[in-house]
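Visitor: Please find one structure pasted underneath; my questions will follow.
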Amino acid sequence: MKSKFAVVGLIAGLSAAISFPVQARISGADVHSLIVAGDPAGSPPDSPDKRIDPNTASSPFSGVVSVNVQYDGQSFICSGTLVSKRHVVTAGHCIDTDGNGTVVDLTKPGSSVRAVFNASPTPGDPGRAIVTAATVAMNPNYHGFGNCPSGVPGFCLNDDIAVVTLDQDAPHAAKIYRAFTGDLTEGQVFTMVGYGRSGDGVAGYSVDPDFRIKRSGQNVMDLFDRDDEQNFAAGPKEVWYADFDGRGQDSFCTMFSVCTPILPNDKETNIGGGDSGGATFIYRNGEYFLAGNTTFGGTFQGQTPGAFGTYFGGMMVGAYDDWLEQATGGDLITVVPEPETYALMLAGLSMLPAVARRRRGK
Ligand SMILES: [Ca+2]
Ligand SMILES: [Ca+2]
Ligand SMILES: [Ca+2]
Ligand SMILES: [Ca+2]
């Protein structure tokens, strides 16, 4: 079983000048797409086991699934999030069979996409149902991981989002998440949930992905890229980026002067292979809203994959709400919760204008 994860290669240089898009500064060599724990000796101490969700009915993450994709005799693990009783949002590259955006053909013998529910810890319980996909849909502006149409700069991380339509209803115990379509800005704390590789901030990856073991953690949004089809100069924020801080390492602060809060050792998290397509939630007024997915991770030169200092990111759900509504047959529930006031730790270092983009409410 392989994990789908996009690892972007090295950042080209350490120029102090800030330039956009973020992707223009990433030269992608080794591309793949977790939840990684903090420092085992840190305070509070941490470990991959501490991040495991108990899969109880009361877990706020009961609607986060693992996704098994099979084609050409291969089997892959990804993650996904339930947004209606029939629809799971995941990553585009999870259903891409050739790196060029060729969607897995479900009519082919041996090819399948399945959502593995873990809304219960008990084997045999309906909350652990495995539900087969009837159809899958990839965002039409996605052409494969790092596969850039001519003239498009950067690494073509954008638009890496997909919808799996189930052939029967999800288990009742699995939570359905509403989509957040309001604007988010740097400094936004978010929670990630997925089934991918884990490890810790010192040693990097050490624990394999598992269709039944779901982990969660948090980080802070640092950077965004706008629409690649508009040369990154306009349109909604499509891609978010975060760094994995710890043991004195704060890469985006050091390199790009984006110095958002560093979360406690047992909260700050990275992602790993198999987390692709997993949830990026924001928490408002007692509810987790789906604000994005997770799709890629990368290292700066010399870093251990998955360890402190590395970075990762995913898509912003709000940038794709029209397409998601279409792909879910209108079942996606979108909301624009009341804005909150975010304190920028270092206002003078804020890179991006806080342009509010009005989204259509539902
Ligand atoms: Ca695109
Ligand atoms: Ca785009
Ligand atoms: Ca961080
Ligand atoms: Ca940081």
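The values are calculated or read from the model by the stated rules, or taken from the named source; none is laboratory data. Here the structure is a predicted model, which means the values were calculated and not measured. Please note: Cβ atoms are built from the backbone with ideal geometry, for glycine as well, and neighbour counts cover all protein chains shown. Each accessible area value is taken on the protein alone, full model and side chains, heavy atoms only, with ligands, DNA and RNA left out. Shrake-Rupley method; radii C 1.70, N 1.55, O 1.52, S 1.80 Å.
Visitor: Here is a check on your reading of the model: is Y283 open to solvent by 40 Å² or more (accessible area, probe 1.4 Å), among the aromatic types (F, W, Y), more than 16 Å from ligand 2 (Cβ to nearest atom) and more than 22 Å from V164 (Cα to Cα)?
Guide: So Y283 passes the test.
Visitor: Counting only residues that are open to solvent by less than 10 Å² (accessible area, probe 1.4 Å) and not charged (D, E, K, R), which one in region 152-169 is nearest to N293 (Cα to Cα)?
Guide: The residue in question is I161.
Visitor: Taking Y342, is it of a type in the set (F, W, Y), at pLDDT 80 or above and either buried (at least 16 other Cβ atoms within 10 Å of the Cβ) or more than 21 Å from T165 (Cβ to Cβ) (or both)?
Guide: Details: of a type in the set (F, W, Y): yes; at pLDDT 80 or above: no; either buried (at least 16 other Cβ atoms within 10 Å of the Cβ) or more than 21 Å from T165 (Cβ to Cβ) (or both): yes.
It is false that Y342 is of a type in the set (F, W, Y), at pLDDT 80 or above and either buried (at least 16 other Cβ atoms within 10 Å of the Cβ) or more than 21 Å from T165 (Cβ to Cβ) (or both).
Visitor: Also, quick follow-up: So G127 passes all but one of these: (1) more than 16 Å from ligand 3 (Cβ to nearest atom); (2) at pLDDT 95 or above; (3) more than 16 Å from the chain's Cα centre (by Cα); (4) under 28 Å from D222 (Cβ atoms). Which condition number does it fail?
Guide: Of the numbered conditions (1) more than 16 Å from ligand 3 (Cβ to nearest atom); (2) at pLDDT 95 or above; (3) more than 16 Å from the chain's Cα centre (by Cα); (4) under 28 Å from D222 (Cβ atoms), the odd one out for G127 is (4).
Visitor: Next question, about the same structure. Being more than 20 Å from the chain's Cα centre (by Cα) and either within 15 Å of ligand 4 (Cβ to nearest atom) or not charged (D, E, K, R) (or both) is the filter; apply it to region 215-231 and report the residue that is modelled with the lowest pLDDT.
Guide: For region 215-231, the residue satisfying everything is N231.
Visitor: Would you mind stating whether D159 is in a loop (DSSP other than H, G, I, E, B) and within 16 Å of ligand 2 (Cβ to nearest atom)?
Guide: yes
Visitor: Follow-up question, since we're still on this one. What are the pairs, 6+ residues apart or on separate chains, where a residue within region 229-249 that is under 10 Å from G309 (Cβ atoms) has its Cβ under 7 Å from a residue that is more than 14 Å from ligand 1 (Cβ to nearest atom) and open to solvent by 80 Å² or more (accessible area, probe 1.4 Å)?
Guide: Taking only residues 6 or more apart or on different chains, the pairs are D245/I262.
Visitor: Here is a follow-up. Quick one: Q218 ticks every box in (1) within 16 Å of ligand 3 (Cβ to nearest atom); (2) open to solvent by less than 30 Å² (accessible area, probe 1.4 Å) bar one, so which box is it?
Guide: (2)
Visitor: Specify which of the listed residues (T135, T97) is β-branched (V, I, T) and either farther than 22 Å from V317 by Cβ or within 16 Å of ligand 3 (Cβ to nearest atom) (or both).
Guide: Unique residue meeting the criteria: T97.
Visitor: So A234 passes all but one of these: (1) hydrophobic (A, V, I, L, M, F, W, C); (2) in a strand (DSSP E or B); (3) farther than 30 Å from G42 by Cβ. Which condition number does it fail?
Guide: Exception for A234: condition (2).
Visitor: Looking at region 80-108 only, could you name the residues that are open to solvent by 10 Å² or more (accessible area, probe 1.4 Å), under 20 Å from the mean Cα position of the chain (by Cα) and among the β-branched types (V, I, T)?
Guide: Those that are open to solvent by 10 Å² or more (accessible area, probe 1.4 Å), under 20 Å from the mean Cα position of the chain (by Cα) and among the β-branched types (V, I, T): T97, V103.
Visitor: Something else: In the set V258, V239, which member is more than 10 Å from ligand 3 (Cβ to nearest atom), crowded, with 23+ Cβ neighbours inside 10 Å and of a type in the set (V, I, T)?
Guide: Of the residues listed, the single one that is more than 10 Å from ligand 3 (Cβ to nearest atom), crowded, with 23+ Cβ neighbours inside 10 Å and of a type in the set (V, I, T) is V239.
Visitor: So, of the residues in region 242-255 that are hydrophobic (A, V, I, L, M, F, W, C) and either within 16 Å of ligand 2 (Cβ to nearest atom) or open to solvent by 10 Å² or more (accessible area, probe 1.4 Å) (or both), which turns out to be modelled with the lowest pLDDT?
Guide: Result: M255.
Visitor: Check P121, P149, P140 and return the single one that is away from ligand 2 (no atom under 16 Å from the Cβ), surrounded by fewer than 21 Cβ atoms within 10 Å (Cβ to Cβ) and in a loop (DSSP other than H, G, I, E, B).
Guide: Answer to the selection: P121.
Visitor: Would it be correct to say that F224 is more than 24 Å from D160 (Cα to Cα), in contact with a Lys or Arg (Cβ under 9 Å, 6 or more places away or on another chain) and not small (G, A, S)?
Guide: The answer is no for F224.
Visitor: Is there a residue being part of a loop (DSSP other than H, G, I, E, B), within 16 Å of ligand 4 (Cβ to nearest atom) and either closer than 22 Å to S79 by Cα or open to solvent by 10 Å² or more (accessible area, probe 1.4 Å) (or both) anywhere in region 193-214?
Guide: Here is the first cut: in region 193-214, the ones part of a loop (DSSP other than H, G, I, E, B) are 195-197, 201-203, 208-214.
Okay, now just the ones that are also within 16 Å of ligand 4 (Cβ to nearest atom), so 201.
This time we only want the ones that are either closer than 22 Å to S79 by Cα or open to solvent by 10 Å² or more (accessible area, probe 1.4 Å) (or both), so: 201.
Yes, the conditions are met somewhere in region 193-214.
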